[in-house]
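Visitor: If you scroll down you'll find the structure; I have some questions about it.
The values are calculated or read from the model by the stated rules, or taken from the named source; none is laboratory data. Treat the numbers as computed from the prediction; the structure is a model and nothing was measured. For neighbour counting, all protein chains shown are included, and Cβ atoms are generated from backbone atoms with ideal geometry for every residue, glycine included.
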């Protein structure tokens, strides 16, 4: 490739990545500023002092000033729901995908097609009756509507895992069966260990989806004590007269942090997972 | 022979057993709600009292409901802006990254990171970025004497805020396109170059057709996603202010169901939107037959 072409690409990449990263950088910068500096024109990127104290201030539960926004409690709640949901997703989706991929039963492929079709049903359509169902069960106001459905599988994860399971050679299953293994044993001892990367992707995506979920908690959670971080952040933002942007940005940074950490630890898994999901 | 038959039928019900969680889930959380929602749309239903049949009244009301029309219009305009622009940005970035310049992993991370940010944090962040007095954008340009619009307060510009945010979050789609680009056989590009094709021609005749299935997938998913846009406008523009310019379909549905306690009406809305999405998807698939090119593998 010509030198000119490469140089142009480099410049474009640098400029674009700066533009993409700027809002995040701005958020970080604002979060450690004293309040007066947030309002400066032109915008000041590097604060005169690094008020790391903004962070504990943002999460402190202070009755008069901040109103009732116990961030740490919200973080714990969100973590609880997320862990339960990820567990449910991993358990149910692996079983179901295995069935679609490596077991033969009548109507299997037709049902798989229907499964794919369900990905096209927008949530608002099913929202109302699902809510009614949970209300009838008496589960509104608890976390159950948020994590119990995960134990019944989800179309996207089933799709992802099924595609992956199909890439494992049938010879392995057949060898196991010749050795006398039952279907269950084949699943646990032969296939599952091989599927670690795909399962990791499912776990990751589920983690992100649950951590970021806003509508679910909004509909089903009633008691302020049980709210999740998404609701906490929203309450934080609407609760103030003159919004203390520096504290608000600090709170936002804290909410984003866990997802970022997980991403950096599992970068490869992430990228590969997204790539395969779109292609097959 | 008999042993194999026995095994086949035993496999049969074990297979169903393994799939049971999803079968139940599908019935409970997809089929039942879909059908129930259709039934509810013919009723008046506030969750406090059982539903009462009202025939087509909800649909008639929808036809005349100005707010419904506005929210649909807003959602469609938003989708028309966000889906193509995100796709162009995602494909463009993917093509840049595909040039395999040094530091590709770093740039890829920069573009991908924004798509990980939770919706609520994005809403909060961009309330700050688009703030017309002290926000990053207007403030920066004010310093060089350019005055940018009042993103959050001007009904003409508010949707652009949402569209720009959508483009900013195109990182996930970019990764998918990047994988698709890497699947394009180099030999095709070489053949094109032999024919004297330059960059734009190569893009138009080799790249785009080869990744067209991926484009289709992302466009369909994009439309479905656009229709469900809720969290960011709900946070940044409560009630769809200013002047209902950002009142999205999902917001109106939510308000009807949970604020106005009109679940029957909300269900009717949901089904109308569902039919529209199905139609759009079918149209996309139909169009794609002409333009989308599937390789063997």
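Visitor: Filter the range A:128-151 down to the residues that are more than 7 Å from chain B (Cβ to nearest Cβ), in a helix (DSSP H, G or I) and in contact (Cβ under 8 Å) with a residue 40 or more places away in the chain and list them by number.
Guide: Hits for the range A:128-151 are A:131, A:134, A:145, A:146, A:147, A:148, A:150.
Visitor: Yes or no: residue B:143 modelled with pLDDT of 90 or more and either assigned by TED's automatic domain parsing to the domain that holds residue B:277 or closer than 22 Å to residue A:16 by Cα (or both)? I'd like the intermediate steps shown before the answer.
Guide: Details: modelled with pLDDT of 90 or more: no; either assigned by TED's automatic domain parsing to the domain that holds residue B:277 or closer than 22 Å to residue A:16 by Cα (or both): yes.
Judged against the criteria, residue B:143 is not a match.
Visitor: Under 6 Å between Cβ atoms, which residue pairs at least 6 apart in sequence (or on different chains) link something in the range B:25-49 that is under 13 Å from residue A:154 (Cα atoms) with a partner that is in a helix (DSSP H, G or I)?
Guide: Short answer, once both residue conditions are applied: B:25/A:152; B:29/A:149; B:30/A:118.
Visitor: So residue B:215 clears everything in (1) over 30 Å from residue A:78 (Cα atoms); (2) in contact (Cβ under 8 Å) with a residue 40 or more places away in the chain; (3) at the interface with chain A (Cβ under 7 Å from one of its Cβ atoms) except one condition, right? Which one?
Guide: That leaves (3) as the condition not met.
This table checks each residue for (1) over 30 Å from residue B:234 (Cβ atoms); (2) over 24 Å from the mean Cα position of the chain (by Cα); (3) crowded, with 18+ Cβ neighbours inside 10 Å.
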| residue | (1), (2), (3) |
| --- | --- |
| B:69 | no, no, no |
| B:78 | no, no, yes |
| B:84 | no, no, no |
| B:89 | no, no, yes |
| B:94 | yes, no, yes |
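Visitor: Then there is this: Taking residue B:92, is it modelled with pLDDT of 85 or more, part of a helix (DSSP H, G or I) and out of contact with any helix residue (DSSP H, G or I) (no Cβ under 8 Å at 6 or more places or on another chain)?
Guide: Details: modelled with pLDDT of 85 or more: yes; part of a helix (DSSP H, G or I): yes; out of contact with any helix residue (DSSP H, G or I) (no Cβ under 8 Å at 6 or more places or on another chain): yes.
It is true that residue B:92 is modelled with pLDDT of 85 or more, part of a helix (DSSP H, G or I) and out of contact with any helix residue (DSSP H, G or I) (no Cβ under 8 Å at 6 or more places or on another chain).
Visitor: Is it fair to say residue B:287 is closer than 24 Å to residue A:119 by Cα and more than 7 Å from chain A (Cβ to nearest Cβ)? Spell out the reasoning first.
Guide: Details: closer than 24 Å to residue A:119 by Cα: yes; more than 7 Å from chain A (Cβ to nearest Cβ): yes.
Yes; evaluated as a whole, the condition is true for this residue.
Visitor: So is residue B:153 more than 30 Å from residue A:135 (Cα to Cα), assigned to a loop (DSSP other than H, G, I, E, B), out of contact with any helix residue (DSSP H, G or I) (no Cβ under 8 Å at 6 or more places or on another chain) and without any contact (Cβ under 8 Å) to a residue 12 or more places away in the chain or not?
Guide: No, not satisfied.
Visitor: Can you confirm whether the range B:245-260 contains a residue that is modelled with pLDDT of 85 or more and more than 29 Å from residue B:34 (Cβ to Cβ)?
Guide: First, the residues of the range B:245-260 that are modelled with pLDDT of 85 or more: B:245-260.
Now narrow it down to the ones that are more than 29 Å from residue B:34 (Cβ to Cβ): B:245.
Yes, the range B:245-260 has at least one match.
Visitor: Let me ask you something else. How many residues are under 25 Å from residue A:109 (Cβ atoms) and under 21 Å from the mean Cα position of the chain (by Cα) when one looks only at the range A:165-196?
Guide: So the count comes out to 1.
Visitor: For residue B:134, only one of the following conditions fails: (1) assigned to a helix (DSSP H, G or I); (2) at the interface with chain A (Cβ under 7 Å from one of its Cβ atoms). What is its number?
Guide: If we test residue B:134 against (1) assigned to a helix (DSSP H, G or I); (2) at the interface with chain A (Cβ under 7 Å from one of its Cβ atoms), just (1) comes out false.
Visitor: Considering the range B:235-261 alone, what residues qualify as being more than 8 Å from chain A (Cβ to nearest Cβ), surrounded by 20 or more Cβ atoms within 10 Å (Cβ to Cβ) and without any contact (Cβ under 8 Å) to a residue 40 or more places away in the chain?
Guide: Correct list: B:256 only.
Visitor: Further question on the same structure: Checking the condition in contact with a strand residue (DSSP E or B) (Cβ under 7 Å, 6 or more places away or on another chain) and within 10 Å of chain A (Cβ to nearest Cβ), which residue from B:225, B:270, B:264 passes? Give the steps one after another, and end with the answer.
Guide: Working: B:225 fails: in contact with a strand residue (DSSP E or B) (Cβ under 7 Å, 6 or more places away or on another chain); B:270 fails: in contact with a strand residue (DSSP E or B) (Cβ under 7 Å, 6 or more places away or on another chain).
So the residue among B:225, B:270, B:264 that is in contact with a strand residue (DSSP E or B) (Cβ under 7 Å, 6 or more places away or on another chain) and within 10 Å of chain A (Cβ to nearest Cβ) is B:264.
Visitor: Next up: Scan the range B:247-274 for residues that are closer than 17 Å to residue B:76 by Cβ and either out of contact with any helix residue (DSSP H, G or I) (no Cβ under 7 Å at 6 or more places or on another chain) or not in a helix (DSSP H, G or I) (or both) and report the count.
Guide: 2
Visitor: Are any residues in the range B:109-121 touching a helix residue (DSSP H, G or I) at 6+ places or on another chain (Cβ under 6 Å), part of a helix (DSSP H, G or I), closer than 21 Å to residue B:218 by Cβ and facing another protein chain (nearest Cβ under 9 Å), and if so, which ones? Before the answer, list the steps.
Guide: Of all residues in the range B:109-121, those touching a helix residue (DSSP H, G or I) at 6+ places or on another chain (Cβ under 6 Å) come to B:110-112, B:114-121.
Then drop every residue that is not part of a helix (DSSP H, G or I), which leaves B:110-112, B:114-116, B:119-121.
If we keep only those that are closer than 21 Å to residue B:218 by Cβ too, we end up with B:110-112, B:114-116, B:119.
B:110, B:111, B:112, B:114, B:116, B:119 - these are the residues of the range B:109-121 that are touching a helix residue (DSSP H, G or I) at 6+ places or on another chain (Cβ under 6 Å), part of a helix (DSSP H, G or I), closer than 21 Å to residue B:218 by Cβ and facing another protein chain (nearest Cβ under 9 Å).
Visitor: Would you mind stating whether residue B:177 is in contact (Cβ under 8 Å) with a residue 12 or more places away in the chain, surrounded by fewer than 19 Cβ atoms within 10 Å (Cβ to Cβ) and touching a helix residue (DSSP H, G or I) at 6+ places or on another chain (Cβ under 9 Å)?
Guide: Working: in contact (Cβ under 8 Å) with a residue 12 or more places away in the chain: yes; surrounded by fewer than 19 Cβ atoms within 10 Å (Cβ to Cβ): no; touching a helix residue (DSSP H, G or I) at 6+ places or on another chain (Cβ under 9 Å): yes.
So residue B:177 does not fit the description; no.
Visitor: Could I ask something else about it? Working only within the range B:95-108, note down all residues that are modelled with pLDDT of 85 or more and either in contact with a strand residue (DSSP E or B) (Cβ under 6 Å, 6 or more places away or on another chain) or at the interface with another protein chain (Cβ under 7 Å from one of its Cβ atoms) (or both). Let's see the steps before the verdict.
Guide: Our first condition is that a residue be modelled with pLDDT of 85 or more; within the range B:95-108, this holds for B:95-98, B:106-108.
Passing the criteria: B:96, B:107.
Visitor: Right, here's the next one. Being surrounded by fewer than 23 Cβ atoms within 10 Å (Cβ to Cβ) and within 21 Å of the chain's Cα centre (by Cα) is the filter; apply it to the range A:82-105 and report the residue that is farthest from the other protein chains (Cβ to nearest Cβ).
Guide: Selected residue: A:83.
Visitor: Quick test of your reading of the structure: residue B:71 fulfils all but one of (1) at pLDDT below 85; (2) assigned by TED's automatic domain parsing to the domain that holds residue B:260; (3) closer than 27 Å to residue A:216 by Cα. Name the failing condition by number.
Guide: So residue B:71 meets the others, but not (1).
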